[in-house]
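First up is the structure itself, then whatever we jot down about it.
Only the coordinates and a few stated rules stand behind these numbers; no lab work does. Given the structure is predicted, the values throughout are model-derived calculations rather than measurements. With ideal geometry, Cβ positions are generated from the backbone for all residues, glycine too; neighbour counts draw on all protein chains shown.
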Amino acid sequence: MQNPVTVASGTFGYGAEYAQIIDVNLLGAVTVKGIRLNPVLGNATPRTAEVTGGMLNAIGLQGPGVDGFIKKYWPFLKGLKVPTIINIWGTTVEEYAEVARRFDALGGVGALELNVSCPNIKEGGAQFGTDCKLLAQVVAACRKVTTLPLITKMSPNVPSIAPFAKAAENEGSDALAVTNSFPAMAIDIHTRKPKLANITGGLTGPAIKPIAVKLVWEAAQAVKIPIIGMGGIQNADDAVEFLMAGATAVAVGTANFYEPQTALQVIAGIRDFMAQKKIADVREITGSVLAKK
Amino acid sequence: MLEQTVQIISNERDTDSYFRLVLRAPEIAPLIQPGQFAHVRILPMKDALLRRPFSIFQATGDAFSILYKTVGKGTEVLSRMRAGQEVSAIAPLGHGFTVPKAGGETPLLVAGGYGMAAMFLLAQRSPQKGIVFVGGRRRVDILCEQEFAAIGWEVRAMTEDGSHGEKGLVTHPLIAELQKRLPDRKVFACGPTPMLKAVGKIAEDFNVPAELSMDEHMCCGVGTCLTCVIPVKAGDSWEYQRTCTEGPVFDSREIVWEAAK
């Protein structure tokens, strides 16, 4: 990565959608929306709802499947100067491994992000990220079939993130992404209906940032592998906070939806912060919080 | 599609809770096609973060305008903004109406409330003049009649309470018009979803093509978040397509109403 800033899966489509209004080649990496083996219809609508300081979503991982992705979106992505991180998922351990194998065979992929933490699907996703044994099985199965860097995207919905982070590290995950959205709900008091067709969804945006920073800090205490920190980043100050908590890189998520320039502003802002504080290498910031435990 | 910070030229009350917002956007304005929308970030809003999508009403020279109704906190804050203040706009967005070709179909426009504004550019750029049927609950819900009259269009207004035009639903005069069975006509509609569904059915009954501008809850506006999807025919089945990208305007025969909700 040419800089420590990527975008969170599901908030940047497949890269091409934003290419008209931002120079995608300035990002550290492009992370695409979650893909499983076959096409996915997704959930009924409404799928998102705005809440104070953020939003809820329950998209249901609508997607084109591996073949559809390769045909429709890969030609644009492989032409980029920056690496593509492909977020993958399945409903069985075998499916995760098969998707990993397919992308390993494709050639030119930057890394695979194992989505074991989506809260909005009945099968797959968070069921793997909230059970330490299943998580270990998914990572191990993917590790067996690919030499691509593996990033495990951790669920926040666990009593302590440390054992999960360690399990992923032990099974050969090269990095962690911390964190996914938080299970949440909103109700329209006039109609008494949930604001999402799925009833519950995942909370993202600035509202979750302090919780995500704590999760990054806890995960960083537990493992030696690098962490991509994410959760409500709106500007460089937010990003630096994640780095100080222990992240090596960061991802901009929900902010892409309302301000597509955010990731580029974060990259420039981190540079300004480093110049101001006379920091030569961004890696010096990682884990530099003065917190004794 | 451009993302720009643009200045408000004016933001005046039209009728009741409707406002007309004019934005100076010299680079965006010439790109606008009928039926497209602008995704606006209302910068003074700090806790409600998402952009709001608005159909584009007029585009002339270096400016474009929006006719909106105050329906929630976003439009509430927007309605208090004044000339000289700025908003961020991503525009023009979406797949709009097919403008009739010279000598082609005669357009019949069907509008519900401020849906009328979203069809003004279509009327203005159509080589054939047609009829616009507009419906609303009360007199104040009937907007921009003068603009349509000024470009030589016939306006047939309907109100549910009979306070303006004739009393009844907008679909009544549409059915009466289609019963004349005149050749080469095409229906274009913008308004609330139940109205669009009814118009689509009527057009199908009379075997007249129809383009519907769908109004769905939106988030990113550019095709990444998959919030604003509707069921659209795909082979023997259907798939979710994005109102912000494949739409907002769809051929009514492609929409799979029974799969929605």
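Extending 7 Å from Cα along the Cβ direction at B:Arg13 and again at A:Met1 yields two label points whose distance is 5.1 nm. Close amide H partners of A:Thr31, meaning residues 5 or more places away or on another chain with modelled amide H under 5 Å apart, are A:Val7, A:Ile85. Looking at region A:44-129, the pairs of alpha carbons with a distance over 17 Å make up 56% of the total.
Between B:Ala111, B:Ala25, B:Ala48, the GNM of chain B built on Cα springs shorter than 10 angstrom shows B:Ala48 fluctuating the most. Taking chain A as a Gaussian network of alpha-carbon nodes connected by springs under 10 Å, the highest mean-square fluctuation of the residues A:Ile227, A:Ile161, A:Ile22 belongs to A:Ile22. Summary value for region A:142-283: 19 percent relative contact order, contacts being C-alpha pairs under 8 angstrom separated by 6+ residues. Which listed residue (B:Gln128, B:Val208, B:Val232) has the Cα farthest towards the positive end of the charge dipole for region B:106-259, taking +1 on Lys and Arg C-beta and -1 on Asp and Glu C-beta about the Cα centre? Of the options given, the answer is B:Gln128. Rounded to whole numbers, the Karplus 3J(HN,Hα) couplings from phi for region B:7-17 are 9, 6, 7, 7, 8, 10, 5, 8, 10, 6, 9 Hz, using 6.51 cos²θ - 1.76 cosθ + 1.60 with θ = phi - 60°, and x at Gly and Pro. Between helix B:193-205 and chain B, what is the angle of the helix's C-alpha long axis to the longest principal axis, kept within 0 to 90° and rounded to the nearest 10? Roughly 30 degrees, rounded to the nearest 10. Averaged over residues, the count of other Cβ atoms within 10 Å places the peptides A:128-139, B:211-222, A:6-17 in the sequence A:6-17, B:211-222, A:128-139, highest first. Computed over chain B, the per-residue total of -39500 (n - 2.57) for DSSP H runs of n ≥ 4 gives a 222 nm mean residue ellipticity of -4000 deg cm²/dmol, rounded to 500. Scaled against the 2.2 N^0.38 Å expected of a compact globular protein of N residues, the Cα radius of gyration of region B:2-93 reads 0.97. Between B:Ala176 and B:Gln128, the FRET efficiency from the beta-carbon distance, with R0 = 22 Å, is close to 0.65. Just tell me, in residue order, which DSSP H segments of chain A are both 18 angstrom or longer along the helix axis (alpha-carbon based) and at least 0.5 in mean Kyte-Doolittle hydropathy. Once both thresholds are applied, what remains is A:132-145, A:262-276. The loop-placed chymotrypsin sites (Phe, Trp or Tyr not before Pro) in region B:84-143, going by DSSP, include none that has at most 14 neighbouring Cβ atoms within 10 Å of its Cβ. Taken along its three principal axes, the alpha carbon spread of the protein assembly as shown comes to 76, 53, 46 Å, from the longest extent down to the shortest.
With a Förster radius of 35 Å applied to the beta-carbon distance between B:Glu145 and B:Ser237, the computed FRET efficiency rounds to 0.25. The C-alpha radius of gyration of chain A, expressed as a fraction of 2.2 N^0.38 Å, stands at 0.94. Looking at chain B, the pairs of alpha carbons with a distance over 29 Å make up 28% of the total. Neighbours of B:Val155 by Cβ distance under 10 Å: Lys/Arg scored +1, Asp/Glu scored -1, total -2. Loop-only check: which trypsin sites (Lys or Arg not before Pro) in region B:150-216 are DSSP coil with at most 10 other Cβ within 10 angstrom? Answer by residue number: B:Lys180, B:Arg181. Applying the Kirkwood pairwise sum to the alpha-carbon positions of region B:106-259 produces a hydrodynamic radius of 16.0 angstrom. Extent along the principal axes, Cα only, for region B:138-190: 34, 25, 17 Å, with the longest axis given first. Highest mobility in the GNM of chain B, judged by mean-square fluctuation with C-alpha springs under 10 Å and restricted to B:His172, B:His39, B:His164, is found for B:His172.
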